[in-house]
Every structure is written in C-alpha cells, then in structure tokens.
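*Asks:* My questions all concern the structure below.
The values are calculated or read from the model by the stated rules, or taken from the named source; none is laboratory data. What you are looking at is a predicted structure, and each value in this text was computed from that prediction instead of being measured. Here the Cβ is made from the backbone with ideal geometry for all residues, glycine too, and neighbour counts use every protein chain on show. To get the accessible areas, we keep the full protein, side chains included, count just its heavy atoms, and leave off ligands, DNA and RNA. Shrake-Rupley method; radii C 1.70, N 1.55, O 1.52, S 1.80 Å.
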Amino acid sequence: MPFDAYGVLSGTLHRHFRDRPDDRGAWFHVNLEVDAPGGRHRCAVDVDSERSATGVRWRTLVLAPSVLDPVPSLAPGYHDLSMSSGSGALDYLRHPALADRRGRLLPRAGWLRALADRWSPPRPWVSGSNLDAAGALEPMLVPGRPILVFGEPFTHHGPGMHNIHQNQGDPHGSRWWDDNGTWQDGATLTRRPDGWYDVFLSRFSTQLDPTDDAGHPAPPPSRDAPAAGRSDGAAGGDDERG
C-alpha cells in the first residue's frame with residue numbers, strides 16, 4: 001500500500017554532510033539540512049545499499065519550473081501532496097518530465113529510434129559506488145539555494161524527510177513490497193540562479209519496471225509480445241535503505 005504521508009519540503013539548503021563511516025568504512029547517505037518554517041529539517045538521501053552489490057542507480061536532470069507545477073509556487077515549509085497526476089507529486093515512470101521514453105513507445109533500433117535519439121536523447125540510469133553517487137549529487141548542493149525535497153516526512157528527533165528515492169517496483173517477497181505505490185517517488189531539486197532546477201533521482205538496483213497501477217512490478221510480457229525496455233535490467237531481491 002502507498003505511504004501514509006507523502007509530500008514536498010520547500011526551504012533553503014543550509015549545508016550537507018555524509019554519514020560517519022561505520023567500522024567497515026561504509027556509509028550510505030548524503031544528509032541535507034534544510035531551513036524552513038518549523039525549524040531545520042534533516043533529509044537523508046540514499047547513495048548506497050547495505051545488501052546490494054550494485055547499490056543505487058541515479059539520474060541527474062535540469063528542469064524548467066513549469067514542468068513541476070504547482071510545487072515551485074508553494075510557500076516554504078512541508079506540504080502534503082495527493083499521490084496522483086497533476087498534484088505536483090513525482091513518479092519516475094509516469095511523470096512526462098522524468099520518465100525515460102525508451103522501451104514501449106519506440107523500437108530499439110531503426111530510423112525512428114535514431115530520430116528520437118537526436119531530438120530527445122535517452123537519459124540512462126547510472127551505476128556506481130557511493131562515492132560516485134555522492135559526486136553526482138553534491139555539486140548541486142550549494143548552501144543558500146532554494147531546495148525542494150520530495151519524499152516521506154518524519155518527526156522523530158526533529159523534522160525531516162526520508163524515502164527520497166523511487167518508491168515503487170520492489171519485488172514480491174521484498175520487505176519493501178507493501179510500500180510500493182505510484183506518484184510517491186522522492187527526489188532532490190535545487191533552484192539554479194537562472195530559475196531552472198538541478199534534479200537528482202535515485203533508485204535501488206533491486207527495483208523493477210514497468211509497474212502496475214499499485215506500484216508493483218508488472219507481470220512480464222508473454223513470449224509472443226514485444227519485449228518492453230527496462231532502464232536498469234536488475235533482478236529482484238532485497239536491500240537495506242534508510
């Protein structure tokens with residue numbers, strides 16, 4: 001079932017820092033401190049997974065504020081969002097500004113694919129270490145920038161946000177199966193001086209696509225049906241996330 005609460009925190013980035021490494025030298029989050037009404041919020045962005053050899057995959061984008069309406073016009077603070085299209089909620093697989101167009105709408109090769117790649121280059125997910133993921137995220141974390149953090153709010157030990165990543169596609173048998181849902185994906189966005197937004201999206205290597213209307217992995221196509229493109233090629237499994 002979807003989250004009990006989902007929304008966006010609008011504020012000003014104070015600073016960011018990485019987790020303190022554990023006794024094995026491992027760490028899993030880049031932590032954001034965001035100033036907004038209600039105090040300084042802590043937001044934990046996953047950059048690794050304890051149980052997956054691949055960890056997280058990520059994508060960075062630059063988006064115009066108009067494609068995020070109505071969220072950019074919201075006052076500073078936390079705002080609940082309806083988990084539906086048009087509310088300002090995010091869905092990596094369904095939001096037209098975020099979805100990877102590859103797979104079901106176009107052939108894998110040929111002149112139509114080449115034309116589409118020229119006018120709208122594909123935006124693949126990137127794999128790497130926690131250092132690589134942090135290296136992709138941290139350049140946009142400029143202190144003083146306006147920031148939007150999408151995810152699930154929490155209040156223990158102070159206000160904050162977590163589940164700032166894809167929140168659908170976890171396979172059956174995963175401990176995260178019950179959290180699957182559409183239009184409840186997390187993301188980190190900071191506003192550039194030109195008014196556009198730098199965007200960091202992340203997903204765990206165990207999460208599958210496409211998903212059905214409940215956010216669960218959709219059944220695979222029959223042998224006679226054309227193969228649907230997948231952005232990650234990951235197999236099912238489990239992971240540890242914050």
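*Asks:* Let me spell it out: the conditions are (1) surrounded by fewer than 17 Cβ atoms within 10 Å (Cβ to Cβ); (2) touching a His at 6+ places or on another chain (Cβ under 9 Å); (3) among the hydroxyl-bearing types (Ser, Thr, Tyr), and THR155 meets all of them except one. Which number is the exception?
*Replies:* THR155 satisfies every listed condition except (2).
*Asks:* Please specify each residue of the range 2-22 satisfying the condition of being open to solvent by 50 Å² or more (accessible area, probe 1.4 Å) and touching an Asp or Glu at 6+ places or on another chain (Cβ under 6 Å).
*Replies:* Initial filter on the range 2-22 (open to solvent by 50 Å² or more (accessible area, probe 1.4 Å)): 2, 4, 12, 14-18, 20-22.
Selection gives THR12, HIS14, ARG15.
*Asks:* Quick check on the range 144-166. Is at least one of its residues at pLDDT below 95, under 19 Å from ALA214 (Cα atoms) and of a type outside the set (Asp, Glu)?
*Replies:* no
*Asks:* Could you list, in sequence order, all residues of the range 2-51 that are out of contact with any Gly (no Cβ under 7 Å at 6 or more places or on another chain), within 30 Å of GLY215 (Cα to Cα) and at pLDDT below 85?
*Replies:* Across the range 2-51, the qualifying residues are TRP27, GLU50, ARG51.
*Asks:* Still on this structure: Look at GLY173 and say whether it is out of contact with any Asp or Glu (no Cβ under 6 Å at 6 or more places or on another chain), open to solvent by less than 10 Å² (accessible area, probe 1.4 Å) and in contact (Cβ under 8 Å) with a residue 40 or more places away in the chain. Reasoning before the result, please.
*Replies:* Numbers: out of contact with any Asp or Glu (no Cβ under 6 Å at 6 or more places or on another chain): yes; open to solvent by less than 10 Å² (accessible area, probe 1.4 Å): no; in contact (Cβ under 8 Å) with a residue 40 or more places away in the chain: yes.
No, not satisfied.
*Asks:* Suppose we filter the range 184-214 for residues that are touching a strand residue (DSSP E or B) at 6+ places or on another chain (Cβ under 9 Å), more than 17 Å from GLY151 (Cβ to Cβ) and assigned to a loop (DSSP other than H, G, I, E, B); how many remain?
*Replies:* Total satisfying the criteria: 6.
*Asks:* Against the conditions (1) outside any loop (DSSP other than H, G, I, E, B); (2) modelled with pLDDT of 95 or more; (3) of a type outside the set (Phe, Trp, Tyr), where does ASP117 fall short? Just the number, please.
*Replies:* ASP117 satisfies all of (1) outside any loop (DSSP other than H, G, I, E, B); (2) modelled with pLDDT of 95 or more; (3) of a type outside the set (Phe, Trp, Tyr) except (2).
*Asks:* Could you count how many residues in the range 215-242 are at pLDDT 55 or above, open to solvent by 20 Å² or more (accessible area, probe 1.4 Å) and assigned to a loop (DSSP other than H, G, I, E, B)? Don't jump to the end; show me each part of the working.
*Replies:* Of the residues in the range 215-242, the ones at pLDDT 55 or above are 215-223, 241-242.
With the extra rule that they be open to solvent by 20 Å² or more (accessible area, probe 1.4 Å), the set shrinks to 216-223, 241-242.
Narrowing the set further to residues that are assigned to a loop (DSSP other than H, G, I, E, B) leaves 216, 218-223, 241-242.
Of the residues in the range 215-242, 9 are at pLDDT 55 or above, open to solvent by 20 Å² or more (accessible area, probe 1.4 Å) and assigned to a loop (DSSP other than H, G, I, E, B).
*Asks:* Has the range 55-77 got any residue that is open to solvent by 20 Å² or more (accessible area, probe 1.4 Å) and farther than 29 Å from ARG123 by Cβ?
*Replies:* Yes, the range 55-77 contains a residue that is open to solvent by 20 Å² or more (accessible area, probe 1.4 Å) and farther than 29 Å from ARG123 by Cβ.
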